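Novice: Could you have a look at this structure, given as structure tokens, before my questions?
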Amino acid sequence: MTDTPRHQIGRMRFDTRRRTLTVTGVTHLTPKMLRIVLTSPELADFDSRGADDHIKLFFPGPDGQALMRDYTPRAFSQADRTLTLDFALHDAGPATAWALGAKVGDTLEIGGPRGSMIVPDDFDWYLLVADETGLPAIGRRLEELRPGVPVHTVVAVDSAAEIQAIETKARWTAHWVTRDSQGTDDAATLRRAVEGIQLPPGDGYVWIAAEATVAKALRAYVLEERKHPAQWMRASGYWLRGAAGAHENL
């Protein structure tokens with residue numbers, strides 16, 4: 001009998017349908033990160049297996065057409081019928097407007113996720129790079145990783161006030177890039193931070209999520225200069241400067 005190969009990244013597909021949820025809690029994690037907990041009996045069969053899964057949130061548009069935005073399920077419980085979403089308050093779009101005005105009893109319509117990309121927790125180390133829009137996925141990944149595995153995170157935020165405390169059993173080394181002290185060029189500052197990291201030996205998984213041009217630049221650096229295997233990384237443009245609601249897997 002042969003052993004199952006390591007690092008087999010898989011995909012699962014789910015039946016997508018819309019669900020209407022009710023707000024049960026609103027909490028500021030930091031000045032610009034808002035956590036909203038929602039509930040509904042319709043979450044009894046909700047599923048999400050990947051830390052960077054996305055669901056669609058539906059908001060009323062000015063012309064009567066729904067506006068859709070992608071968000072990461074930060075946490076969920078089928079048993080409790082709850083879903084937690086973290087909102088990075090970085091723009092003036094419909095999601096931010098809704099989140100800022102949300103109160104207990106309000107409703108929100110969601111759809112998905114369509115599926116999950118499942119990264120096995122059998123890598124020797126992990127490197128997670130993002131701006132604040134990727135923090136919900138990073139937080140979820142940190143909470144799910146096995147005890148003792150080395151993981152480095154590099155995250156760009158506006159200031160030290162946006163640094164989050166996240167509970168994890170992994171051996172976590174956090175690198176925070178603050179724009180008020182290190183500049184607003186996320187591609188440059190995130191790259192410098194990654195360049196300064198001595199990664200452990202063995203096989204690693206690299207995950208990148210940021211503004212699309214930033215994510216592309218970091219992906220090219222990791223592939224071309226760090227010579228990291230393409231099959232062991234994922235880079236996504238979680239937003240595109242000047243384009244509302246854009247999301248791109250690179």
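The values are calculated or read from the model by the stated rules, or taken from the named source; none is laboratory data. Just so it is clear, the model here is predicted, and its values are computed rather than measured. Cβ: placed from backbone, ideal geometry, glycine included. Neighbour counts: every protein chain shown.
Novice: Restricting attention to the range 71-82, and to residues there that are free of Cβ contacts under 8 Å to residues at least 60 places away in the same chain and among the charged types (D, E, K, R), which single residue is surrounded by the most Cβ atoms within 10 Å (Cβ to Cβ)?
Specialist: Residue satisfying both the conditions and the ranking: Arg81.
Novice: Here's a follow-up. For Gln164, state whether it is more than 24 Å from Arg140 (Cβ to Cβ), buried (at least 16 other Cβ atoms within 10 Å of the Cβ) and not assigned by the TED database to the domain that holds Ala75.
Specialist: no
Novice: Residue check: is Leu83 in a strand (DSSP E or B) and either modelled with pLDDT of 95 or more or under 16 Å from Tyr238 (Cα atoms) (or both)?
Specialist: Against the criterion (in a strand (DSSP E or B) and either modelled with pLDDT of 95 or more or under 16 Å from Tyr238 (Cα atoms) (or both)), Leu83 qualifies.
Novice: Looking at (1) touching a residue at least 40 places away in the same chain (Cβ under 8 Å); (2) farther than 20 Å from Leu89 by Cβ; (3) in a loop (DSSP other than H, G, I, E, B), which is the one condition that is false for Gln231?
Specialist: It fails just one condition, (3).
Novice: Return yes when Thr168 is in a loop (DSSP other than H, G, I, E, B) and at pLDDT 95 or above and no when it is not.
Specialist: yes
Novice: Given (1) small (Gly, Ala, Ser); (2) part of a loop (DSSP other than H, G, I, E, B); (3) under 16 Å from Asp86 (Cβ atoms); (4) in contact with a strand residue (DSSP E or B) (Cβ under 7 Å, 6 or more places away or on another chain), where does Gly148 come up short, assuming only one miss?
Specialist: For Gly148, the failing item is (3).
Novice: Also, I was wondering about something else. Using beta carbons and a limit of 8 Å, which pairs, at least six apart or on different chains, have the first residue in the range 99-111 and surrounded by 12 or more Cβ atoms within 10 Å (Cβ to Cβ) and the second one modelled with pLDDT under 95 and β-branched (Val, Ile, Thr)?
Specialist: Between residues of the range 99-111 that are surrounded by 12 or more Cβ atoms within 10 Å (Cβ to Cβ) and residues that are modelled with pLDDT under 95 and β-branched (Val, Ile, Thr), the close pairs are Gly111/Thr16.
Novice: Are any of the residues in the range 18-39 under 20 Å from Thr107 (Cβ atoms), in contact with a strand residue (DSSP E or B) (Cβ under 8 Å, 6 or more places away or on another chain) and part of a loop (DSSP other than H, G, I, E, B)?
Specialist: No, there is no match, as no residue in the range 18-39 is under 20 Å from Thr107 (Cβ atoms), in contact with a strand residue (DSSP E or B) (Cβ under 8 Å, 6 or more places away or on another chain) and part of a loop (DSSP other than H, G, I, E, B).
Novice: On to the next question. Checking the condition part of a helix (DSSP H, G or I), basic (Lys, Arg), at pLDDT 95 or above and farther than 30 Å from Pro41 by Cβ, which residue from Arg192, Arg141 passes?
Specialist: Arg192
Novice: Additional query: Could you give every pair whose Cβ atoms fall below 9 Å, whose first residue belongs to the range 41-67 and is over 25 Å from Arg11 (Cα atoms), and whose second residue is aliphatic (A, V, I, L, M) and assigned to a helix (DSSP H, G or I), counting only separations of at least 6 or pairs across chains?
Specialist: Close Cβ pairs satisfying both conditions: Phe59/Ala95; Phe59/Ala97; Leu67/Ala95.
Novice: If you don't mind, another one. Quick check on my filter: what residues within the range 195-205 are assigned to a loop (DSSP other than H, G, I, E, B) and either touching a residue at least 40 places away in the same chain (Cβ under 8 Å) or among the acidic types (Asp, Glu) (or both)?
Specialist: Within the range 195-205, Ile197, Leu199, Pro200, Pro201, Gly202, Asp203 meet the criteria.
Novice: Quick one: in the range 42-70, which of the residues that are surrounded by fewer than 21 Cβ atoms within 10 Å (Cβ to Cβ) and of a type in the set (Phe, Trp, Tyr) is nearest to Ala137 (Cα to Cα)?
Specialist: Across the range 42-70, the extreme among qualifying residues is Phe58.
Novice: Return a yes/no flag: does the range 107-129 have any residue that is in a helix (DSSP H, G or I) and in contact with a strand residue (DSSP E or B) (Cβ under 6 Å, 6 or more places away or on another chain).
Specialist: No, the range 107-129 contains no residue that is in a helix (DSSP H, G or I) and in contact with a strand residue (DSSP E or B) (Cβ under 6 Å, 6 or more places away or on another chain).
Novice: Can you find a residue in the range 206-222 that is more than 15 Å from Val157 (Cα to Cα) and part of a loop (DSSP other than H, G, I, E, B)?
Specialist: no
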